[in-house]
Amino acid sequence: MSSREDAVAFWDEEIGRWVCGEHDLGPKLHRWMSAYKGQGAGAVELSAFLEPYIGPLAGRSTPALVMLGLNPGAAAIEFQGQEGLFTREIAGSKYSQWAATSPYTSQAWESVKGKNRYHRNRLKFARRLHKNEDIQANALLYLELYPFHSKRVSATIDPDPDLLHRFVFGPLGEIDVAHIFAVMC
């Protein structure tokens with residue numbers, strides 16, 4: 001099994017369990033969660049599903065743009081909480097299938113939250129980089145170094161190297177792209 005397939009299978013299973021109401025974290029996720037000790041607005045939000053990546057990680061396709069982030073940011077409980085719209089969408093398929101749909105530029109998200117400047121600006125950048133206006137939002141891959149939501153990052157994030165290798169850098173090593181960008185905001 002490739003690193004990409006392994007990561008996708010792990011996240012499909014773990015997030016699938018959460019979507020079905022099983023909120024106990026397994027040992028790997030406990031270790032990962034303990035790598036960050038944010039307080040106040042930086043506290044981990046466990047009332048939302050984890051978001052380790054968004055975009056085409058499954059399969060052998062090559063994303064138009066790959067970006068690393070620190071974490072998925074603040075949770076929107078009406079979308080990512082136990083009864084949220086995105087949670088219900090994942091329940092009808094798998095996390096990997098949902099993540100490949102560009103959910104944060106969807107009509108459902110933007111009708112409530114407004115135009116998603118973050119994702120739309122990265123799409124514009126990918127189109128300029130490749131000189132290709134036909135690139136779609138679902139061709140962009142975002143991977144998080146820490147898959148738990150928090151409103152801010154208020155402490156050091158120091159995950160175990162084996163977790164980063166298995167779920168971030170191993171899969172990245174199988175993607176044939178010229179550039180990987182780090183997004184630190």
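Return, ordered by residue number, the residues of the range 61-87 whose backbone nitrogen is under 16 Å from a label point located 7 Å along Cα→Cβ of PHE181.
The answer is 63-70.
Mind counting lysine pairs for me in the range 3-183? Cα separation below 29 Å, and the two need to be 8 or more apart along the chain or on different chains.
Lysine pairs satisfying the spacing and distance rule in the range 3-183 number 15.
For the chain, with a Gaussian network of springs between Cα atoms less than 10 Å apart, report the residue from PHE79, PHE169, PHE125 with the top mean-square fluctuation.
PHE125
For the range 118-185, restrict the atom set to alpha-carbon positions and state the Rg and Dmax in Å.
14.2, 39
Run the numbers for LEU129 and SER2: contour at 0.36 nm per residue of separation, minus the present Cα-Cα distance, in nm.
Working: separation 127, 0.36 × 127 = 45.72 nm, distance 2.84 nm.
Value of the extension gain: 42.9 nm.
In whole percent, what relative contact order does the chain give with Cα contacts below 8 Å and a gap of six or more residues?
On the way: 296 pairs, mean separation 75.8, N = 185.
For the chain, the relative contact order is 41 percent.
Multiply the residue gap between SER34 and GLN136 by 0.36 nm, knock off their C-alpha separation, and tell me the result in nm, one decimal place. It would help to have the intermediate numbers written out before the result.
Numbers: separation 102, 0.36 × 102 = 36.72 nm, distance 3.58 nm.
Net length gain for the segment: 33.1 nm.
Using mean Cβ contacts within 10 Å as the protection proxy, how do 139-151, 61-73 order, highest first?
On the way: 139-151: 22.5, 61-73: 19.2.
Highest mean packing first, the order is 139-151, 61-73.
Return the Cα extents of the chain along principal axes one, two and three, sorted largest first, each rounded to a whole Å.
Answer, in whole Å and largest first: 44, 37, 33 Å.
Using bins 10 angstrom wide from zero, how does P(r) for the range 63-165 break down, in % of all Cα pairs?
Percent of Cα pairs in each bin: 13, 41, 36, 11, 0.
If Rh is defined by the Kirkwood formula over all Cα pairs and Rg also comes from Cα, what ratio Rg/Rh do you get for the range 1-81? Write out the running numbers ahead of the final one.
On the way: Rg = 13.9 Å, Rh = 14.4 Å.
Reported Rg/Rh, Kirkwood definition of Rh: 0.97.
Sorting check: for 37-43, 99-105, which peptide has the highest mean count of neighbouring beta carbons within 10 Å, and how do the rest follow? Please list the in-between numbers first.
Details: 37-43: 13.6, 99-105: 20.7.
Peptide ranking by packing, descending: 99-105, 37-43.
How do the peptides 161-167, 23-29, 52-58, 85-91 rank, highest first, by the average count of neighbouring beta carbon atoms within 10 Å per residue?
Ranked from most to least packed, the peptides come out as 52-58, 85-91, 161-167, 23-29.
Go ahead and estimate [θ] at 222 nm for the chain from helices alone: -39,500 (n - 2.57) per DSSP H run with n ≥ 4, summed, over the residue count, rounded to 500. Can you show the working numbers first?
Values: 9 runs with 69 residues, N = 185.
Helix contribution divided over all residues of the chain: -10000 deg cm²/dmol.
The numbers here are math on the coordinates, done by the rules we state, and not lab data. Bear in mind that the values here come from a model prediction, so they are computed numbers and not experimental data. Positions of Cβ are backbone-derived with ideal geometry, glycine not excepted, and every protein chain shown enters the neighbour counts.
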